[in-house]
Amino acid sequence: MLITSMLRIILTRSFKPFVFTGRNENKLKFESLEDMGLYVHIPFCRSICRFCPYFKEVYDNYKAESYKTALLKEIDLVCRNLKEKKHAASLYFGGGTPALMIDDMKEIIDKLKNYFIIEGGIGIELHPEDIKETNLDKLKKLGINMVSVGIQSFDEKCLHNLGRKNDRFEEKLNLVKSYEFDVVDVDLIFAIPGQTDKILLKDIKTAFDNGATQVSTYPFIDFTFADNSCKPMPEKTKKKMLNKLTEYCGNINIERTSVWTFARQGTKRYSSVTRDNFLGFGVSAATLLSNTFKINTFSIAEYIKRLNNGILPSSVTLYFTKRQRAVYYLFWSAYSLKIDIQKFEKMIGESLDKMFGIELLLAEKLGLLVKKKDCYELTPKSSYWYHIIEQFYTREYIDKMWNVSRKEAFPDKIVLR
Ligand SMILES: C[S@@+](CC[C@H](N)C(=O)[O-])C[C@H]1O[C@@H](n2cnc3c(N)ncnc32)[C@H](O)[C@@H]1O
Ligand code: SF4
């Protein structure tokens with residue numbers, strides 16, 4: 001609590017918390033925004049994993065059909081005022097388990113293509129159970145060129161402690177590899193009880209040896225509303241493990257591309273959150289625009305009802321002050337380990353040095369940032385601090401937002417201090 005609050009106060013130079021309210025607008029302004037990403041949330045899974053915080057329900061054919069109809073309506077409603085097709089940097093399908101609606105995807109993509117020219121490709125999260133030839137053939141046909149596979153660990157005991165099973169993971173990754181997607185991301189979790197450094201390094205090696213072009217390694221987080229019987233290992237262990245991962249990848253010439261991702265040199269990146277602006281469609285999806293951040297309702301029934309009435313399914317919106325928006329931008333740029341000076345100025349309309357001169361100077365003096373010609377780069381020390389802050393942010397902000405949203409379809413207010 002203290003770390004996130006202090007950082008918020010120092011960087012926004014204000015005691016004002018982030019206040020999300022039910023004062024939502026029925027029209028989103030995004031025509032003139034650059035670097036726009038698209039995200040579609042599919043909230044269905046075959047079964048529910050107890051460690052997972054994302055909004056999802058068990059798949060049901062009838063529910064999925066009505067959900068698709070509402071999703072198509074939301075796209076029309078959001079985009080109804082566009083005068084011409086807009087360029088979008090990428091489209092990601094996340095969940096949940098989006099492949100459960102694989103046969104609806106053409107309709108969803110075609111609907112989006114009525115309004116957008118999708119330039120950087122289409123990505124999808126896959127559960128290992130989704131990996132079979134019939135599905136991979138369909139993904140290729142849909143023009144999907146990036147996949148992210150939720151392996152979590154190759155180790156039986158770690159998987160057991162998460163409540164998952166190993167199901168011929170290596171064979172499945174090799175099948176994915178044979179389809180030659182531009183990006184194959186493998187999600188791993190570290191600091192699972194029972195996981196040793198040796199197991200973790202073997203996990204990342206196995207992922208790269210079997211076709212991963214990128215590996216995302218997330219520290220195990222115990223969300224307040226999750227049902228983890230095994231709790232994450234302590235922060236000290238997380239620190240040691242992250243150092244081991246970084247050292248190992250450095251030795252095998254794998255690039256650290258963000259605080260928690262490592263990728264083969266010269267490959268494309270799977271990254272749905274590091275866009276300057278994004279439009280999120282579906283229940284629980286977030287939308288980030290020039291001065292607003294909003295999330296959709298977490299109730300599938302209310303989502304459908306709203307769209308049947310021609311109203312956007314927004315639950316709460318935060319109207320940023322300029323400084324809050326700048327801090328939000330810095331936070332996510334720093335995740336990819338560098339802050340682009342020109343891009344900041346273009347986005348925020350003021351120079352980075354002018355807005356954060358004192359903080360940047362102090363960070364340089366403390367060995368947290370290195371100034372290069374057109375960017376500031378995070379050092380290993382600040383990358384570690386980022387890993388700590390990102391976990392605080394997840395527990396203090398995301399956990400709270402999602403916890404309230406799971407209980408109330410349209411809360412009046414959510415205050416993040
Ligand atoms: C939407 S989820 C999963 C995609 C897919 N449904 C699956 O289960 O394979 C995205 C990723 O978040 C990560 N994740 C989920 N819960 C987590 C937790 N409690 N702590 C850390 N990472 C977590 C996992 O690595 C997961 O693959
Ligand atoms: S981890 Fe994946 S499969 Fe498990 S509940 Fe979360 S989204 Fe569903």
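Read-outs throughout are calculated quantities, based only on the coordinates presented, and are distinct from any laboratory measurement. Computed from a prediction, not measured in an experiment: that's the story for all the values here. Here Cβ is always computed from backbone atoms with ideal geometry, including for glycine, and neighbour counts include all displayed protein chains.
In table form, for the structure just shown:
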read-out	value
Fraction of beta bridges assigned by DSSP in the chain that are antiparallel (%, nearest 5)	45 percent
Pairwise FRET efficiency - Asn135 versus Lys305, Cβ, R0 = 30 Å, nearest 0.05	0.40
Computed magnitude of the charge dipole of the chain (debye, nearest 20; Cβ of K, R +1, Cβ of D, E -1)	1040 debye
Inter-label distance, nm, simple model (7 Å from Cα along the C-beta direction), Lys157/Glu119	4.9 nm
Cβ-based charge dipole, the chain, positive-most Cα from Phe331, Ser32, Thr4	Thr4
Whether segment 11-127 is rounded, prolate or oblate, judged on the alpha carbon gyration tensor where a/c under 1.5 counts as rounded	oblate
The chain, helix-only ellipticity at 222 nm - DSSP H runs n ≥ 4, -39,500 (n - 2.57), divided by all residues, nearest 500	-12000 deg cm²/dmol
Length-normalised contact order for the chain - Cα pairs under 8 Å, 6+ apart - percent	20 percent
Where Rh is the Kirkwood radius over Cα pairs, Rg/Rh for the chain	0.94
Distance in nm between pseudo-label sites at Asn174 and Ile398 (7 Å out along the Cβ direction from Cα)	3.4 nm
Förster radius 30 Å - calculated FRET efficiency between Lys346 and Thr267 (Cβ-Cβ, nearest 0.05)	0.65
Extension gain (nm, one decimal) between Lys29 and His87, 0.36 nm per residue minus Cα-Cα	19.4 nm
Peptides 202-209, 368-375 ordered by average Cβ neighbours within 10 Å, highest first	202-209, 368-375
Unsatisfied cross-links (Cα-Cα over 23 Å) in the set Lys111/Lys140; Lys56/Lys198; Lys56/Lys141; Lys202/Lys244; Lys238/Lys381	Lys56/Lys198; Lys56/Lys141
Percent RCO, i.e. relative contact order, over segment 24-264, from Cα pairs under 8 Å lying at least 6 residues apart	16 percent
Gyration tensor (alpha-carbon) shape descriptor, segment 24-264, a/c threshold 1.5	prolate
Among 137-150, 171-184, the order from most to least packed when residues are scored by Cβ within 10 Å on average	137-150, 171-184
Cross-link table Lys294/Lys346; Lys231/Lys268; Lys172/Lys343; Lys172/Lys373; Lys157/Lys338; Lys86/Lys172, entries beyond 32 Å C-alpha to C-alpha	Lys231/Lys268; Lys172/Lys343; Lys172/Lys373; Lys157/Lys338; Lys86/Lys172
Net lengthening on full extension, Asp412/Ile199 (0.36 nm per residue, minus Cα-Cα)	72.1 nm
Residues whose placed amide H lies under 5 Å from that of Gly121, excluding near-sequence neighbours	Leu91
Phi to ³J(HN,Hα) by Karplus 6.51 cos²θ - 1.76 cosθ + 1.60 over segment 148-163, Hz, x for Gly, Pro	10, 9, x, 7, 6, 6, 8, 8, 3, 5, 5, 4, 4, 5, 8, x
